[in-house]
Amino acid sequence: MNVLWLIMICVSIVFAIFTGNLEAFTKSIFDGAKAAVEVSLFLLGIVSVWLGITRILEDSGLIYRIAHLFKPLICRLFKNIPGDHPSITAITLNVLANLFGLGNAATPLGIKAMQELDALNGEKGAITPEMMTFIVINTASIQLIPFSVIGILAGYGHSNPAAVVFPVLIATTISAMTALLVLAAFRKVFR
Amino acid sequence: MIKQVEYISLLIIPLFILFTVLYGTFKKVRVYDSFVVGAKEGPAIILKIFPYLLTIFVAIKGFQASGAFDFVRDAFYSLFAFMGVPIEAVSMAIVKPLSGSASTALFADIVKTTGPESLATQMSAIIMGSAETTFYVLAVYLGAVGIRKTRYLVPVCLVADFIGIVVAVIVTKWFF
């Protein structure tokens with residue numbers, strides 16, 4: 001991340017100088033800051049709501065029951081999660097929310113899952129293989145129906161906007177699988 | 001089929017909350033107090049995420065505004081042109097991992113300018129539906145637990161994104 005950020009900043013400034021976009025570049029820094037505040041405020045609301053709901057799950061013990069139910073499925077991908085750990089529930093709920101296109105639930109539940117996975121982390125501040133698998137699954141975007149895309153297509157008079165559903169499903173399934181393969185390949189090389 | 005899935009999507013959160021609250025009450029949990037205790041953790045997490053989000057957003061906005069983005073897009077365009085990929089789809093492929101709101105705006109613009117049934121629209125639709133805002137996900141999830149050592153995660157995500165775009169192009173060519 002460090003290298004990537006350094007490259008992005010340096011390349012941007014060099015380009016801004018050569019293309020005469022200096023004013024736009026400086027303005028964009030403040031736009032970025034503003035966007036970060038807006039997104040954080042939005043997240044503050046929905047994350048707190050979901051932490052409230054998951055707290056009830058914890059206090060009632062339901063979180064362990066759901067974990068027990070989905071353990072066989074989740075532990076195939078996440079090898080080092082012990083017993084009926086709450087992280088299994090958080091991961092399951094995040095994946096379900098993603099499948100049904102519920103972004104406002106998926107991100108908070110994903111944060112919850114990261115916290116639970118971090119509770120198993122022996123070396124704080126360093127990423128674990130389970131976290132990597134979880135993030136790769138999330139960046140591969142598994143979604144049954146891309147509602148926002150269909151909405152825009154329909155809005156501009158596409159004759160059959162639902163026609164994108166099947167190709168999207170195929171594309172997203174293949175890319176999610178290749179993403180996990182890429183991760184496995186990197187894991188072999190950098191162990 | 002679409003309608004049914006849409007209905008399930010609408011139903012899933014309310015039903016889940018109802019079930020959670022009822023099960024909690026059945027297990028003698030004071031659900032109101034429980035919810036408040038959970039929600040109290042929210043601000044601390046957001047405070048942790050905020051600096052990560054800010055750092056990555058500044059870099060992304062600067063990258064777009066400086067003209068570096070256009071250069072990268074043109075470079076990728078010359079790479080993909082022989083496959084018959086429209087330049088609009090190339091823009092989409094680069095914007096999507098960077099920014100969710102920008103990609104939605106771009107997609108609407110592509111549909112408007114090239115028509116709802118053009119190849120550029122179809123391909124962008126598939127990229128839009130099958131790719132994720134990688135940088136946002138990385139900033140939020142890594143920020144939430146303060147991960148500094150990411151090892152090979154970022155290269156994996158970038159390679160996976162690239163393959164995802166190639167897959168989207170092939171799938172579009174195959175279907176349309």
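A short reminder: the numbers here are calculations on the coordinates, not readings from a lab. Since the structure is predicted, the reported quantities are computational estimates derived from the model, not experimental observations. Cβ: placed from backbone, ideal geometry, glycine included. Neighbour counts: every protein chain shown.
Here the Gaussian network model covers chain A, with springs between Cα atoms less than 10 Å apart; of A:154, A:67, A:24, A:24 fluctuates the most.
Inter-label distance, residue A:181 to residue A:99: 2.3 nm, where each label sits 7 Å from its Cα along the C-beta direction. Relative to the longest principal axis of the Cα atoms of chain A, the long axis of helix A:62-77 makes an angle of roughly 70 degrees.
Peptide A:6-15 is shielded by partner chain Cβ atoms: per residue, an average of 6 of them sit within 10 Å of its Cβ. Comparing B:17, B:78, B:111 along the charge dipole axis of the stretch B:1-137, the residue lying farthest to the positive side is B:17, per the Cβ-charge model. With the simple spin-label model, which puts each label point 7 Å out from Cα in the Cβ direction, the residue A:65 to residue A:160 separation comes to 4.5 nm. The charge dipole of the protein assembly as shown, taken about the Cα centre with unit charges on the Cβ atoms of Lys, Arg (+1) and Asp, Glu (-1), comes to about 880 debye, rounded to the nearest 20. Computed from phi, the 3J(HN,Hα) profile of the stretch B:111-123 under the Karplus parametrisation 6.51, -1.76, 1.60 (θ = phi - 60°) reads 4, 5, 7, 9, x, x, 10, 6, 4, 4, 5, 4, 5 Hz, with x in place of Gly and Pro.
Note on the stretch A:15-86: Cα-Cα pairs beyond 21 Å make up 59% of the total pair count. Using a Gaussian network model of chain B in which every pair of alpha carbons under 10 angstrom is joined by a spring, one finds that among B:90, B:154, B:37 the greatest mean-square fluctuation is at B:37.
The mean number of Cβ atoms from other chains found within 10 Å of a Cβ in peptide B:107-118 is 3, as a whole number. Counting every C-alpha pair in the protein assembly as shown, the share spaced more than 39 angstrom apart comes to 16%. Once the chain from residue B:33 to residue B:87 is taken as fully extended at 0.36 nm per residue, the excess over their C-alpha distance is 14.0 nm. Relative to the longest principal axis of the Cα atoms of chain A, the long axis of helix A:165-189 lies at roughly 80 degrees. Volume per residue of the convex hull around the Cα atoms, evaluated for the stretch B:21-130, comes out as 161 Å³. Projecting the Cα atoms of A:148, A:182, A:75 onto the charge dipole of the stretch A:51-191, computed from C-beta unit charges around the Cα centre, puts A:182 farthest toward the positive end.
When its C-alpha radius of gyration is set against 2.2 N^0.38 Å (N residues), chain A gives a value of 1.24. Size of the stretch B:83-176: Rg and Dmax of its alpha carbons, in Å, are 14.6, 45. With the cut-off at under 20 Å, measuring from each backbone N in the stretch B:116-142 to a point 7 Å along the Cα-to-Cβ line of residue A:6 picks out B:139. Put simply, when B:65-72, A:87-94 are sorted by average Cβ atoms within 10 angstrom per residue, most first, you get A:87-94, B:65-72.
Of B:86, B:43, B:97, the residue with the greatest mean-square motion in the GNM of chain B, using alpha carbon springs below 10 Å, is B:43.
Here the stretch A:78-185 has an Rg and Dmax of 16.3, 54 Å, counting Cα atoms alone.
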